[in-house]
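Q: A single structure is presented below for examination.
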Amino acid sequence: MAKVPFNVDAYTARLIGRENVSKLDGAVIELIKNTYDADATICVLYFDAVSNALYLMDNGMGMTLDVITKHWMTIGRSSKKSDYITESGRIQTGAKGIGRFALDRIAEQCTMLTGIQDGERKILWKVDWSEFIGEVNITEINADIDEIDISFGEFISECTNKEVVKLIHDKWGKHGTIFKLTCLHEQWNQKLIRNMKENLSSLIPYELNEIYKIYCFDNESSIKDAEVLSNIDSFSFDYKIEFDVRNKDNAQDVVYKIWRDEFVFGEKENDILKEADLLAEKKYFHGAPIVKECQFSDIVGDVNESEVNSLGSFSGVLYFSKLQTTKRDRERFYQKDVSGRIDIRDTFGGIKIYRDSFRVRPYGDPKSSAFDWLQLARRKTGSQAGVGSGGIWRVSAEQMMGSIFISRMNISLPDQSNREGIVETKEFRLLKEFIEKMISLLEQDRQSVCRKLNTYYEKTHPTENIEKEIREKAEKKKETEKNVVKPARAESMDSDLRVDAGAAQLVIDKKDEEIQELENEIKMLRALATTGIVTNTYIHEFKTLSHKLNMKIVMAKEAIDQYHDIDEAAEYINQANDVREAFNSWFQVTIESVKNDKRKRRKVDIGKVISGLTDSWNQTLANKRINIQYMNLSNDEIVLKCFPYEIETIINNLVTNSVASFDSIITNEREIIVTIFEDEEYVWIEYSDTGAGLVDIYKKNPERILEAFETSKRDADGELVGTGMGMWIVNNTVQDYKGKIDLSKNIETKDGFYATISLKK
């Protein structure tokens, strides 16, 4: 049997180069990465408008004839695959052996001059990319290669810009590489060079400025003008969080630090911090970072351990920076004045990824759809609360910038072959989730400070006293205005200079009514949201019941029509009625919660409300072998003025979470206990279950589950699922009744969930 070798059509090179590297700046970046890998300290991109030629030059280690013939000329072969650490200790970014074909994306003709330190002669290499078309195999295409005696200075002596010639003369020795590209595919000009310079400014982290510089020249540029600056030392921020994740002994150790640089308290700082309950944190307002050490699972939660280990080590720094602030916020939160702050978003905005000191595009690119690759804008839309409010404050996408540092050692985060991002592996999704959690930590710290400052501000600026004064004046005016006659001039002055207290009271009353209506709407929406959560959680059960009901009715009909068996039909109808009862129990814990009679605020026996609800849940959950025990320790009626549906909202969300917890473990003990009692001031609800308990991410700080969008539920692919709204709804409902939720028992216990809820009478 004959053996036939494979061959490759020459057009493959064009696919790899011109068509695979889709954008011009992407092709340039690929070639600049090679200069960094070559241990260069300087890289020069120069467009000579006179000769219409583009030069790419570096003073790196250069190449030998052997390297060119064995590696450079072989598609997919790279000397960096196994030997990827340079003499200076850099980790090389390339390894696929196709980056050189980016030359074809830029120009038709290419001439390369390269030399090494110990070489007596240099290598001149030429290729015409137009030959890579037509029906010809790649082995039939040749490049011209010669060993010649020529210096780098002589090679570019015809360049128009003498500053470039001077730079090459001063900074290049025997070693380095220069490409001269002609028959360019784009029309290069000063504008294109400026845009390229701007793109390259964020190509490498600013920390590398001292060891690696990039210059972008045109015919008129000086060395100073051509230097690509990525220095953001003058950048002003409000908050910063740094993190370092290290893979050690099959565990991921995390260290993160948070800096607060937003607040200025002035001469009365100690008094303000003391009254705002922030005095113990004074050092954090003066440059000291908040430092925390933990495990990866403490940040992200219960995730696949092998995926966490496969993700590997990485680090990052994220900045929150406002461009403007209001006078009211500066007064309320003691924020520093940011007027005059430099807007660097077009260059340094967004959160970027760097692999071995080179940017992985397009993440964080202000001019692409990947600017907000973490979908912070969508996250913000879901929670529009102010930073000092009781809701959950979220950063805006344009307020965040920063850098994530990975390496070629993160093998589970491979580059896409077209260099337009990272392959969407499970580990990459895990990386994104971790970064989002880091942003959440920044948000939580900032909001915790602002909430305390807001409380302090409201104490020192009590609007209630002002409203009380207006009401008193309004009442007094009503009593006296019939008996008091003022001079016409005085009345005129009063009408011109004073606000009528009676009119003001009407405005306040109208506003109070509107606020009350909106609050009632919000409460109803919370109840409807709970109905949606419960319905969505148990949609499978609904479908099963619907199928059973349909089948029983069909079987009863067949028993009558085909067999005339009334007894068998009656049995099927009885079974259908059992299914109907199961449906009714579901309706009791969903749709029935928002019936009209439950939407009226009145004094009710909440023991009766809860016991009726737990009876419905017990019928509903019978097939899951879950039992809810209800106890009233007071033995008498416990009366509370409330909306009955809000009490049911609390219980329904708690039960829904417990059922999900039971589904995640194998246990025969499936108990939920609801206990109520009262004292002179509060009605108390103690809730517990025998489920899996809180995951590790919430054990140390269980109050986190009360925040919006907090969820630890994951699907089969490890993606977070669930709304994360259930406990947030519970907490907001309890707060409406001037109550609290105590979750501290969960810190001490290994299994089970515990909550003690107080509702003020």
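Q: May I ask you to derive the FRET efficiency for ASN574 and LYS641 from their Cβ-Cβ distance with R0 = 41 Å, giving the value to the nearest 0.05?
A: 0.40
Q: With each label point set 7 Å from Cα along the Cα-Cβ vector, what nm distance links GLU472 and ASP751?
A: So the label points at GLU472 and ASP751 sit 6.1 nm apart.
Q: Follow-up question, since we're still on this one. Viscosity 0.890 mPa s, temperature 25 °C: what is the translational diffusion coefficient of the range 639-761 from Stokes-Einstein with a Kirkwood Rh over Cα pairs, rounded to a whole number of µm²/s?
A: The Stokes-Einstein estimate is 163 µm²/s.
Q: Return one whole number: the accessible area per residue of the range 183-275 in Å², for a 1.4 Å probe.
A: 53
Q: Accessible area of ILE91, 1.4 Å probe, to the nearest 10 Å²?
A: In the full protein context, ILE91 sits at about 50 Å².
Q: Computed FRET efficiency, Cβ-Cβ of ILE290 and GLU135, R0 45 Å: what is it to the nearest 0.05?
A: That gives a FRET efficiency of 0.10.
Q: Between their Cα atoms, which of LYS283/LYS352; LYS699/LYS761; LYS33/LYS171; LYS641/LYS740; LYS274/LYS745; LYS33/LYS248 are more than 21 Å away from each other?
A: LYS283/LYS352; LYS699/LYS761; LYS274/LYS745; LYS33/LYS248
Q: Another question, then. Gap in Å between the Cα centre of the range 553-576 and the Cα centre of the range 267-321?
A: When both Cα centres are located, 66 Å separates them.
Q: Additional query: At q = 0.20, 0.32 Å⁻¹, what base-10 log of I(q)/I(0) does the Debye formula yield for the range 388-427 when every alpha carbon is treated as an equal point scatterer in vacuo?
A: The Cα Debye sum returns log10 ratios of -0.78, -1.09.
Q: Sticking with this structure for a sec: Provide the descending list of Cα extents for the range 236-372 along its principal axes, expressed in whole angstroms.
A: Computed over the Cα atoms, the extents are 52, 38, 24 Å.
Q: Binning at 10 Å from 0, report for the range 214-287 what percent of all alpha-carbon pair distances ends up in each bin.
A: Whole-percent P(r) values from 0 Å outward: 14, 24, 19, 21, 15, 6, 0.
Q: Taking H as built 1.01 Å from N, whose amide H comes closer than 5 Å to the amide H of ILE42, not counting residues under 5 places away?
A: ASN59, LYS213
Q: Hey, another quick one. Using modelled backbone amide H atoms (1.01 Å from N, in-plane), which distant-in-sequence or interchain residues come within less than 5 Å of THR749's amide H?
A: none
Q: Output the relative contact order of the range 157-246, whole-number percent, from Cα pairs under 8 angstrom with separation of 6+ residues.
A: 31
Q: Starting at the first residue of the range 666-675, write each ³J(HN,Hα) from the Karplus equation 6.51 cos²θ - 1.76 cosθ + 1.60 with θ = phi - 60°, in whole Hz, x for Gly and Pro.
A: Each residue of the range 666-675 in turn: 9, 7, 8, 8, 10, 10, 10, 10, 10, 10 Hz.
Q: Equivalent ellipsoid semi-axes for the range 340-418, as square roots of 5 times the alpha carbon gyration tensor eigenvalues: give them largest first, rounded to whole Å.
A: They are 28, 16, 11 Å, listed from largest to smallest.
Q: State the extension gain, in nm to one decimal, for the chain segment bounded by MET631 and LYS740, taking 0.36 nm per residue of separation less the distance between their alpha-carbons.
A: Length gained between MET631 and LYS740: 37.2 nm.
Q: Please give the per residue volume of the convex hull enclosing the alpha carbon atoms of the range 302-376, rounded to a whole number of Å³.
A: Given the Cα convex hull of the range 302-376, per-residue volume reads 169 Å³.
Q: Next question. What is the set of long-range amide H partners of VAL360 at a cut-off below 5 Å, with H atoms built 1.01 Å from backbone N?
A: ILE353, TYR354, ARG355
Q: May I pose another question? Which residues among the range 335-352 fall inside the zone where the amide N is under 16 Å from a point 7 Å beyond the Cα of LYS432, along Cα→Cβ?
A: 351-352
Q: At 0.36 nm per residue, and after removing the present C-alpha to C-alpha distance, how many nm does the segment from GLN190 to ASP128 gain when stretched out fully?
A: 19.7 nm
Q: Can you tally the net charge around VAL291? Count Lys and Arg as +1, Asp and Glu as -1, for every other residue whose Cβ sits under 12 Å from the Cβ of VAL291.
A: 0
Q: Would you work out the relative contact order for the range 299-416, in percent, from Cα pairs under 8 angstrom that are 6 or more residues apart?
A: 35
Q: Can you list, largest first and rounded to whole Å, the semi-axes you get for the range 147-196 by taking the square root of 5 times each eigenvalue of its Cα gyration tensor?
A: Semi-axes from the Cα gyration tensor: 24, 14, 10 Å.
Q: Turning to a different aspect of this structure: With only alpha-carbon atoms in the gyration tensor, what are the semi-axes of the equivalent ellipsoid for the range 384-455, in Å, largest first?
A: Sorted largest first and rounded, they come to 34, 11, 10 Å.
Q: Work out from phi, with θ = phi - 60° and the Karplus expression 6.51 cos²θ - 1.76 cosθ + 1.60, the ³J(HN,Hα) of each residue of the range 333-342, listed in order in whole Hz, and give x for Gly and Pro.
A: Residue by residue, the range 333-342 yields 10, 6, 7, 6, 6, 9, 4, x, 5, 6 Hz.
Q: Let me ask something else about it. Quick one: 3J(HN,Hα) in Hz for the range 146-161, Karplus 6.51/-1.76/1.60 with θ = phi - 60°, rounded, Gly and Pro as x.
A: Rounded to whole hertz, the list is 9, 9, 9, 9, 7, 8, 5, x, 5, 5, 10, 4, 8, 4, 6, 7.
Q: Starting from 0.36 nm per residue, how many nanometres of slack lie between ILE148 and GLU680 once their C-alpha separation is accounted for?
A: This chain segment gains 181.6 nm when fully extended.
The values are calculated or read from the model by the stated rules, or taken from the named source; none is laboratory data. Because the structure is a prediction, the values reported are computed rather than measured. Virtual Cβ from ideal backbone geometry, glycine too; neighbours counted across all protein chains shown. Surface accessibility is based on the protein's heavy atoms, side chains included, excluding ligands, DNA and RNA. Shrake-Rupley method; radii C 1.70, N 1.55, O 1.52, S 1.80 Å.
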